[in-house]
1. What ranking, highest mean first, results for peptides 14-20, 61-67 when packing means the other Cβ atoms within 10 Å averaged over each residue?
2. For the chain, modelled as a Gaussian network with Cα springs under 10 Å, which listed residue fluctuates most, N75, N270, N292?
3. What ³J(HN,Hα) values, in whole Hz, does the Karplus curve 6.51 cos²θ - 1.76 cosθ + 1.60 give for region 24-35 when θ = phi - 60°, with x put for Gly and Pro?
4. What does DSSP give for the chain in terms of the percent of beta bridges that are antiparallel, rounded to the nearest 5?
5. Any idea how far apart Y130 and E203 come out in nm if each label point goes 7 Å out from Cα toward Cβ?
6. Which of rounded, prolate, oblate describes region 180-313, given a ≥ b ≥ c as roots of the alpha-carbon gyration tensor eigenvalues and a/c under 1.5 marking rounded, otherwise prolate only if a/b is larger than b/c?
7. Give the relative contact order (percent, whole number) for the chain; include only Cα pairs under 8 Å separated by 6+ residues.
8. In terms of the Cα gyration tensor, with a ≥ b ≥ c the square roots of its eigenvalues, is region 36-98 rounded because a/c is under 1.5, prolate because a/b exceeds b/c, or oblate?
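Values quoted throughout were computed directly from the atomic coordinates according to the rules given, and no laboratory measurement underlies them. None of these values were measured; they are calculated from a predicted model. Here the Cβ positions follow ideal geometry from the backbone for every residue, glycine too, while neighbour counts run over all protein chains shown.
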Amino acid sequence: MGDVGVLQRVPLGTTGIEIPELGVGVWQWGDASFWGYGREYGITEIRAAFEVCMARGLDFFDTAEVYGSGASERNLGDFVRAGGRPVVVASKFFPYPWRLRSPSILGAARASLQRLGLEKIDLYQIHWPYPPRSVETWMEGLAAAAGEGLIRAAGVSNYSVSQTRRAHAALARRGLPLASNQVRFSLLDRGPERSGLLEACRELKVTLIAYSPLAQGYLTGKYTRLHPMRGLRSARLGGPSYAQLDRLVGLLREIGSGHEGRTPAQVALNWVLCKGAVPIPGAKTAQQAEENAGAVGWRLTPDEVRALDTATA
Ligand SMILES: NC(=O)c1ccc[n+]([C@@H]2O[C@H](COP(=O)([O-])OP(=O)(O)OC[C@H]3O[C@@H](n4cnc5c(N)ncnc54)[C@H](OP(=O)(O)O)[C@@H]3O)[C@@H](O)[C@H]2O)c1
């Protein structure tokens with residue numbers, strides 16, 4: 001593997017839809033409580049981030065009805081319609097406990113479409129496999145949404161290996177492929193490798209979409225013991241782990257220096273690509289979007305991937 005030069009497009013499962021090998025998560029594009037939208041940054045910054053993504057061919061965007069209580073879908077839809085160029089939009093249905101029957105998916109999808117101002121959701125995902133309803137109930141709902149022409153493809157998120165297999169089988173009985181499973185996956189969250197999920201998705205031809213691929217900012221190297229992450233996010237990593245993080249970021253820097261000075265974030269995202277998953281980093285600004293776009297068009301060597309595997313085993 002060497003530098004391949006251009007952004008690759010990859011199939012989204014067996015749906016026939018193609019997406020860039022790197023997507024863009026847009027939870028940040030409207031969420032105040034977790035990400036500080038409207039306080040630390042706002043519409044001007046995220047519009048600029050969208051424009052950078054489009055200029056760099058990153059036209060696969062992941063939102064959800066719950067992100068900023070619909071604000072993320074509204075902002076994304078406004079940008080897409082103003083841009084006038086085709087994109088692939090993924091959104092998500094949240095299985096609130098009061099949503100008891102599969103037809104609730106139809107109402108939720110229509111509401112998302114209204115906020116987005118689009119005719120179809122390209123990829124519609126069940127956000128979490130929460131009880132009380134079964135995996136099969138929600139697959140029935142996704143199939144109905146596809147039948148009504150509201151969505152092009154059906155996906156899931158945060159599903160285990162067995163739940164993924166059940167979702168795949170339930171959709172197959174209705175003649176539909178399971179396009180994707182979106183789960184947390186990064187150098188600091190290697191659960192999908194350990195659980196066998198990555199392997200199962202490969203076997204089933206289901207795209208594994210990697211969320212929080214920068215471990216919510218830790219893998220950029222900007223958060224250190226002296227400049228710790230604050231707020232809700234910081235609950236995930238305590239002070240002492242910063243020593244470990246520093247060593248990992250040092251390795252990312254060292255590896256990046258052999259690839260025309262790629263940054264820790266770019267190397268961390270490329271590691272996800274090398275595992276066969278599609279990372280969807282979130283970006284609040286044009287600068288972050290530009291840096292993340294530099295994660296594609298080249299590849300780590302197998303030795304470099306192994307070194308990162310060992311460092312985070
Ligand atoms: N399905 C699910 O349950 C689920 C859960 C979580 C996320 N997601 C999806 O996955 C997407 C990405 O995950 P995530 O937002 O949790 O985490 P992430 O992509 O790992 O981290 C994003 C954050 O890292 C910082 N950042 C990004 N690029 C940077 C750069 N180049 N330089 C410096 N800082 C940078 C920014 O925050 P600061 O500038 O504040 O540091 C940004 O908000 C979300 O937008 C969402 O679409 C899905």
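1. Packing order, densest peptide first, comes out as 61-67, 14-20.
2. Most flexible of the set in this elastic network: N75.
3. Residue by residue, region 24-35 yields 10, x, 10, 4, 5, 7, x, 8, 8, 5, 8, 9 Hz.
4. Given both bridge residues lie in the chain, the antiparallel proportion sits at roughly 15 percent.
5. 3.0 nm
6. Rounded is the answer for region 180-313, as its axis ratio a/c remains below 1.5.
7. Relative contact order here is 22 percent.
8. Oblate.
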